[in-house]
1. For a quick size check, give me the Cα extents of region 1-99 along its three principal axes, largest first, whole Å.
2. Multiply the residue gap between Tyr144 and Asp92 by 0.36 nm, knock off their C-alpha separation, and tell me the result in nm, one decimal place.
3. Which residues among region 116-142 fall inside the zone where the amide N is under 14 Å from a point 7 Å beyond the Cα of Lys10, along Cα→Cβ?
4. Using amide H atoms built 1.01 Å from N in the peptide plane, name the residues 5+ places from Leu179, or on other chains, whose amide H lies under 5 Å from its own.
5. Per 0.36 nm of contour for each residue apart, how much would the distance between Phe171 and Lys68 grow if the chain were fully extended, relative to their Cα-Cα spacing?
6. How much of the pair distance distribution for region 96-136 lies past 16 Å, counting alpha-carbon pairs only, in percent?
7. Expressed in nm to one decimal, what extension gain is obtained for the pair Lys106 and Phe160 from 0.36 nm per residue of sequence separation less their Cα-Cα distance?
8. Modelling each spin label as a point 7 Å along the Cα-to-Cβ direction, I'd like the Ser79/Lys36 distance in nm, to one decimal.
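Bear in mind that the values in this text are calculations on the coordinates, not laboratory data. Bear in mind the structure is a predicted one, so any value in this text is a computation, not a measurement. Every residue, glycine as well, gets a Cβ built from its backbone with ideal geometry; the counts of neighbours run over all protein chains shown.
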Amino acid sequence: MLTKEKIRRKFLQIRKKNYYEVSENFFDPLIILLNKKFKNKKFNLSFYYPTNYEVNIIKLIKLVSSKKNITTLLPVTNSKKMMSFVKWSFLDTLKVNKFGILEPAKTKKIFIPHVSLVPLLAYDKRKFRLGYGKGYYDKFFNKYLRLNKNIMTIGVAFSFQKYHKLPTSNFDVKLDYILTEKGI
């Protein structure tokens, strides 16, 4: 079995080689799911700002940022190697963090997402994900799972990012859904 690091390197190359821009239709199954789950209810939806050939969700951010019932959030990292989410609207200022990823320039009040869209390098049929190896998302989700906070987690990927069975540890958090061009 390949190590997580070897799988990471492999899928960084695969994603770069096979990347393509997605249309708004890519997000239709997600919109349907959210409409069913949160019909006329207010909820917090966390995004990631795409980088390094991740699925570009900017069209989705634009699409939902005008919805009155959705508070849009982006992650910010801190010096304690922890991640949190702050409110962010589409035209708000961003800054480059130490990993070269855009995050809100003004860290405002911290929010807990009801739904979190999660980037990934690879995923498997069990809905485990492989990220960049720093554990930010897993730390965040583990913390709030212990506090009995129900956060719907949705990995966003291309179908070619599927791996047969990723190596996992007790620290890894299983996602609720994976969204690809083939559906959710």
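1. Projected onto its principal axes, the Cα set of region 1-99 covers 45, 35, 26 Å.
2. Numbers: separation 52, 0.36 × 52 = 18.72 nm, distance 2.68 nm.
Contour length minus Cα-Cα distance gives 16.0 nm.
3. 121-125, 130
4. It is Gly155, Val156, Ala157, by chain and number.
5. Answer, rounded to one decimal: 33.5 nm.
6. Summing the P(r) of region 96-136 above 16 Å gives 57 percent of all pairs.
7. 15.9 nm is the gain from fully extending Lys106 to Phe160.
8. A separation of 4.6 nm, rounded to one decimal place.
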